[in-house]
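Chemist: What follows is a structure written as structure tokens; I'll ask about it next.
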Amino acid sequence: MAALAPAELLAAVEAAVKNGPPERRMRMLQQVAELFASDAGRLSQAQIRLFDDILVRLIERLEARALTPLSVILAEPVSVPEETARRLVRHEDASVAAPLLLKSPSISDAELR
């Protein structure tokens, strides 16, 4: 099986996100986050940006209760997807923002502005 190009992968994720039930989006978010966290130290910047694009598309369509576990997962790796982290730490629900704010070594003061 051939690997999907990043644009094709994003299109496939977008279709699944738009047409799938919230439970499917939550499962997808969990799986993508765990995959990222398990390989974060070995990923190139291009791969991290691809994860970032996928995660942002998913978090845009999920409630806070689904985002808190994502913050917990992403609080551990040294490198986190930038836009995803920015959206999570600025989230209006403290339970979403807190794990990254309290634990993540990659959240800088500049990202909080």
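Chemist: If you take all C-alpha pairs in the chain, what percent of them are over 18 Å apart? Show your work: numbers first, answer last.
Modeler: Values: 2977 of 6328 pairs.
When all Cα pairs of the chain are counted, 47 percent exceed 18 Å.
Chemist: Right, next: So what is the 222 nm mean residue ellipticity for the chain from helices alone, if each DSSP H run of at least 4 adds -39500 (n - 2.57) and you divide by all residues, rounding to the nearest 500 deg cm²/dmol? Kindly include the intermediate steps, with their values, before the conclusion.
Modeler: On the way: 6 runs with 76 residues, N = 113.
Value at 222 nm, helices only, nearest 500: -21000 deg cm²/dmol.
Chemist: Report the gain in length on full extension from Arg27 to Asp93: 0.36 nm times residue separation, minus Cα-Cα distance, nm rounded to one decimal.
Modeler: Values: separation 66, 0.36 × 66 = 23.76 nm, distance 2.07 nm.
Full extension of this stretch gives 21.7 nm more.
Chemist: For the chain, what is the accessible area per residue in Å² when the probe is 1.4 Å?
Modeler: Numbers: 6630 Å² over 113 residues.
So the chain comes to 59 Å² accessible per residue, rounded to a whole number.
Chemist: In addition: Can you send over the carbon and sulfur percentage of the accessible area for the stretch 62-104, probe radius 1.4 Å, protein chains only? All intermediate terms of the calculation are to be shown ahead of the outcome.
Modeler: On the way: 1150 of 2140 Å².
Carbon-and-sulfur percentage of accessible area, whole number: 54.
The values are calculated or read from the model by the stated rules, or taken from the named source; none is laboratory data. Just so we're clear, the structure is a prediction, and the values are computed from it rather than from any experiment. Just the protein is used for accessible areas: all its heavy atoms, side chains included, with ligands, DNA and RNA removed. Shrake-Rupley method; radii C 1.70, N 1.55, O 1.52, S 1.80 Å.
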